[in-house]
Amino acid sequence: MAVADRETPLDVAHPYLGIECKYRKDFPALIKSGYNQALRGSKESDLIPTLVLGEFRNPLILGVVNIDDLVKLLSHLHEVSNESHMGIAEQTA
């Protein structure tokens, strides 16, 4: 759910993601070229293209995926989590 007001620190209210949105006319060339390389390399194997970015001498590492792929990943994770909880409930019953 979009928030986008000056009272909240994030742009989107979400149960487990802290979402801040940035929208620009163009992505920096590094992001465009890196993501396009991941996209090309992932097509034949049906992998989720992922660009990983880091800075020299900075421990922060970022992963960039297409928002639709992120939604698919989170949905799958949610399903797997629910299945594992169901399995535990069935074992203890």
Worksheet, complete the sentence: Of (1) modelled with pLDDT under 95; (2) assigned to a helix (DSSP H, G or I); (3) exposed (fewer than 10 other Cβ atoms within 10 Å of the Cβ), D68 fails just (1)
Worksheet, complete the sentence: A careful count of residues in region 5-17 that are assigned to a loop (DSSP other than H, G, I, E, B), of a type outside the set (D, E, K, R) and surrounded by 10 or more Cβ atoms within 10 Å (Cβ to Cβ) gives 5
Worksheet entry | Residues of region 38-59 that turn out to be in contact (Cβ under 8 Å) with a residue 12 or more places away in the chain and of a type outside the set (V, I, T), as a count | 4
Worksheet entry | Number of positions in region 39-61 that are over 17 Å from L73 (Cα atoms) and surrounded by 12 or more Cβ atoms within 10 Å (Cβ to Cβ) | 1
Fill in: Meets criteria (within 23 Å of H14 (Cβ to Cβ), within 11 Å of the chain's Cα centre (by Cα) and of a type in the set (A, V, I, L, M)) for V80
no
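The values are calculated or read from the model by the stated rules, or taken from the named source; none is laboratory data. Here the structure is a predicted model, which is why all the values come from computation and not from measurement. A quick note on method: Cβ atoms are made from the backbone with ideal geometry, for glycine too, and the neighbour counts reach across all protein chains shown.
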